[in-house]
1. Are any residues in the stretch 80-112 closer than 14 Å to Ile28 by Cβ, assigned to a strand (DSSP E or B) and either in contact with a Cys (Cβ under 6 Å, 6 or more places away or on another chain) or not charged (D, E, K, R) (or both), and if so, which ones?
2. Kindly indicate the residue of the stretch 65-112 that is touching a Pro at 6+ places or on another chain (Cβ under 7 Å) and among the hydrophobic types (A, V, I, L, M, F, W, C) and also surrounded by the most Cβ atoms within 10 Å (Cβ to Cβ) among those meeting that condition.
3. When Leu77 is evaluated against the numbered criteria (1) in a strand (DSSP E or B); (2) over 30 Å from Ser112 (Cα atoms), which criterion, by number, is the only one it fails?
4. Just the residues that are free of Cβ contacts under 8 Å to residues at least 40 places away in the same chain and open to solvent by less than 40 Å² (accessible area, probe 1.4 Å), please, taken from the stretch 10-51.
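The values are calculated or read from the model by the stated rules, or taken from the named source; none is laboratory data. Since the model is a prediction, treat every value here as computed from it, not as a measurement. Every residue, glycine among them, receives a Cβ derived from its backbone with ideal geometry; neighbour counts consider all protein chains shown. Protein only, heavy atoms only, side chains kept; ligands, DNA and RNA dropped before computing areas. Shrake-Rupley method; radii C 1.70, N 1.55, O 1.52, S 1.80 Å.
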Amino acid sequence: QVQLVESGGGLVQPGGSLRLSCAASVSINTMGWYRQAFGKQRELVATITGGGITNYADSVKGRFSISRDNSKNTVYLQMDSLKPEDTAVYYCYARHFWRDYWGQGTQVTVSS
């Protein structure tokens, strides 16, 4: 059973930055982040493979950066130039042996 523990959400003003972290209980190849705004479907934010190949949603390209520390089984999401429309619950994601796993979610609120 894979466990994902997230941290780093909070309240930030527009234009500000936040960094999310997600630690996995085992070594996992593909990890990433999804988000779900109130009343909307969950959507991809970014993913990263064990080899460092990344994929971003168009809405966050140039503002968000995903990275990982394989020695710690941890993935990070650096979010810069945050906008009110980035407000959502952010979920850590992992794909392990053809199964999808999700973290508990962390709230990110961008508001003045």
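1. Within the stretch 80-112, the subset closer than 14 Å to Ile28 by Cβ is 92-103.
Pick out the ones that are also assigned to a strand (DSSP E or B) and you get 92-96, 99-102.
Listed by number, the residues that qualify are Cys92, Tyr93, Ala94, His96, Tyr101, Trp102.
2. Restricting attention to the stretch 65-112, the residues satisfying the condition of being touching a Pro at 6+ places or on another chain (Cβ under 7 Å) are 82-84, 110-112.
Then keep just the ones that are among the hydrophobic types (A, V, I, L, M, F, W, C); that gives 82, 110.
Values: Leu82: 22, Val110: 19.
Result: Leu82.
3. So Leu77 meets the others, but not (2).
4. Ala46, Ile48, Thr49, Gly50
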